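Peer 1: Handing you this structure, nothing more for now.
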Amino acid sequence: MDAPVDRRSGFAVIDLETTGISPDEERIVEVAVVVLGPDGQETGSFSTLVDPGCDPGPTFVHCITPEMLAGAPSFAAIRPFLADTLSGRVLVGHNVDNFDLAFLRAECVRAGGTALVPTDVATVDTLCVAQSLLQ
């Protein structure tokens, strides 16, 4: 008999858009996550604009305008759902180790302090994978 699949297993492919490149000074303006089961099949997805509480930054990069952010939730508002979605899954993304995860951790601190910051997050950084394959 096969063991039941833990709903928390699998992968969460994540991409963020931000107001800049420094997680300590800049904010998240968009979050997108595709959840994959252990077999690689999509089991869910989540995407939202996020009100950074400031100018959205390089609109020429991410095409997100202040008008688009009107009425968007804050990171603090989506953090519980996002934490639940990501919890127990391997985080996958391009430069996820140095960019996305750093921004998520910085936003968690802003949302409620270091107790909210995820630790020991398993990742697959597709930037590192691509660089190793292209050498």
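The values are calculated or read from the model by the stated rules, or taken from the named source; none is laboratory data. Because the structure is predicted, anything quoted here is derived from the model rather than measured. Glycine gets a Cβ as well: all are built from the backbone with ideal geometry, and neighbour counts include every protein chain shown. Heads up: the accessible areas ignore ligands, DNA and RNA and are worked out on the full protein's heavy atoms, side chains in. Shrake-Rupley method; radii C 1.70, N 1.55, O 1.52, S 1.80 Å.
Peer 1: When the residues of the range 115-135 are narrowed to those that are assigned to a helix (DSSP H, G or I) and of a type in the set (A, V, I, L, M, F, W, C), which ends up modelled with the highest pLDDT?
Peer 2: Leu127
Peer 1: Of the residues in the range 96-109, how many are within 25 Å of Asp51 (Cβ to Cβ), charged (D, E, K, R) and either modelled with pLDDT under 90 or touching a helix residue (DSSP H, G or I) at 6+ places or on another chain (Cβ under 8 Å) (or both)?
Peer 2: Summing the residues that are within 25 Å of Asp51 (Cβ to Cβ), charged (D, E, K, R) and either modelled with pLDDT under 90 or touching a helix residue (DSSP H, G or I) at 6+ places or on another chain (Cβ under 8 Å) (or both) in the range 96-109 gives 1.
Peer 1: I'm checking my understanding of the structure. Among residues of the range 41-56 that are open to solvent by 60 Å² or more (accessible area, probe 1.4 Å) and outside any loop (DSSP other than H, G, I, E, B), which one is nearest to Ile78 (Cα to Cα)?
Peer 2: Top of the filtered list is Ser47.
Peer 1: Moving on to the next point. Go through (1) open to solvent by 70 Å² or more (accessible area, probe 1.4 Å); (2) touching a helix residue (DSSP H, G or I) at 6+ places or on another chain (Cβ under 9 Å); (3) among the β-branched types (Val, Ile, Thr) one by one and return the number of the condition Val61 breaks.
Peer 2: (2)
Peer 1: Right, here's the next one. Do the conditions hold for Ser47, that is, is it touching a strand residue (DSSP E or B) at 6+ places or on another chain (Cβ under 9 Å) and hydroxyl-bearing (Ser, Thr, Tyr)?
Peer 2: yes
Residues are listed down the side, and each one gets a yes or a no for (1) among the hydroxyl-bearing types (Ser, Thr, Tyr); (2) over 10 Å from the mean Cα position of the chain (by Cα):
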site: Pro23; (1), (2): no, yes
site: Val35; (1), (2): no, yes
site: Gly44; (1), (2): no, yes
site: Val50; (1), (2): no, yes
site: Ser74; (1), (2): yes, yes
site: Ala102; (1), (2): no, no
site: Val117; (1), (2): no, yes
site: Ala122; (1), (2): no, yes
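Peer 1: To continue, here is another question. Of these, Gly71, Gly112, Gly93, Gly88, which one is modelled with pLDDT of 95 or more and out of contact with any strand residue (DSSP E or B) (no Cβ under 8 Å at 6 or more places or on another chain)?
Peer 2: Details: Gly112 fails: modelled with pLDDT of 95 or more; Gly93 fails: out of contact with any strand residue (DSSP E or B) (no Cβ under 8 Å at 6 or more places or on another chain); Gly88 fails: modelled with pLDDT of 95 or more.
After applying the criteria, what remains is Gly71.
Peer 1: Next question, about the same structure. Does the range 88-97 contain at least one residue that is more than 16 Å from Phe11 (Cβ to Cβ) and either loosely packed, with under 13 Cβ neighbours inside 10 Å or without any contact (Cβ under 8 Å) to a residue 60 or more places away in the chain (or both)?
Peer 2: Yes, the range 88-97 contains a residue that is more than 16 Å from Phe11 (Cβ to Cβ) and either loosely packed, with under 13 Cβ neighbours inside 10 Å or without any contact (Cβ under 8 Å) to a residue 60 or more places away in the chain (or both).
Peer 1: Collect the residues in the range 99-129 that are free of Cβ contacts under 8 Å to residues at least 12 places away in the same chain and loosely packed, with under 14 Cβ neighbours inside 10 Å, keeping them in residue-number order.
Peer 2: Residues satisfying the conditions are Gly113, Thr114, Ala115, Thr119, Asp120, Val129.
Peer 1: Another one. Just need a number here: residues in the range 27-40 that are under 21 Å from Leu69 (Cβ atoms), open to solvent by less than 40 Å² (accessible area, probe 1.4 Å) and touching a residue at least 24 places away in the same chain (Cβ under 8 Å).
Peer 2: 4
Peer 1: Right, another one. Here are some residues: Pro23, Pro38, Pro80. Which one is within 20 Å of Val121 (Cα to Cα) and in a helix (DSSP H, G or I)? Steps first, answer last, please.
Peer 2: Values: Pro23 fails: in a helix (DSSP H, G or I); Pro38 fails: in a helix (DSSP H, G or I).
Sole residue among the options that is within 20 Å of Val121 (Cα to Cα) and in a helix (DSSP H, G or I): Pro80.
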